[in-house]
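For reference, the structure discussed in these notes is given below.
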Amino acid sequence: MSRRYRLQYSNEARDALRKMSSPRRRRFEAAVAEIAVDPYAHGQALGGNRDRRQATLAGAITVYWVSTGVLTVSVVTVIHSD
């Protein structure tokens, strides 16, 4: 059985999403939905910490934390050029 992780965003990440163009935001949200299914299959670990990860989603550099105990992916930073 597949477990889907809950998604949450920091205020900083939400602000960045609001500034994205609509087409990019749709692509970004689709990519984040894939991460919610299997967060370790995407990106790379940062600083030797398996749960702190970075991935490029829809052309945006994205940093997220994985909390396996509560099945949550926390998107903390989104950097894009829209």
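What follows draws every value from the coordinates through simple rules; no lab data is involved. Fair warning: this is a prediction, and the values are worked out from it, not measured in the lab. All Cβ positions, glycine included, derive from the backbone under ideal geometry; neighbour counts span all protein chains shown.
Based on DSSP H segments of at least four residues, each scored -39500 (n - 2.57), the chain has a per-residue ellipticity at 222 nm of -9000 deg cm²/dmol.
Please report the antiparallel percentage of the DSSP beta bridges confined to the chain, to the nearest 5. Just about 80 percent of them are antiparallel. How big is D for segment 9-64, in µm² s⁻¹ as a whole number, if Stokes-Einstein is applied with the Kirkwood radius of its Cα pairs at 20 °C and 1.002 mPa s? Estimated via Stokes-Einstein, D reaches 183 µm²/s. Counted by Cβ distance under 13 Å from L57, the other residues give a net charge of +3, where Lys and Arg count +1 and Asp and Glu count -1.
Using Cβ point charges alone (K and R +1, D and E -1), the dipole size of segment 12-82 about the Cα centre works out to roughly 160 debye. Go through segment 21-82 and name the trypsin sites (Lys or Arg not before Pro) that are in a DSSP coil and have 16 or fewer other Cβ atoms within 10 Å of their Cβ. When the trypsin sites (Lys or Arg not before Pro) of segment 21-82 are filtered for loop state and at most 16 Cβ neighbours within 10 Å, nothing remains.
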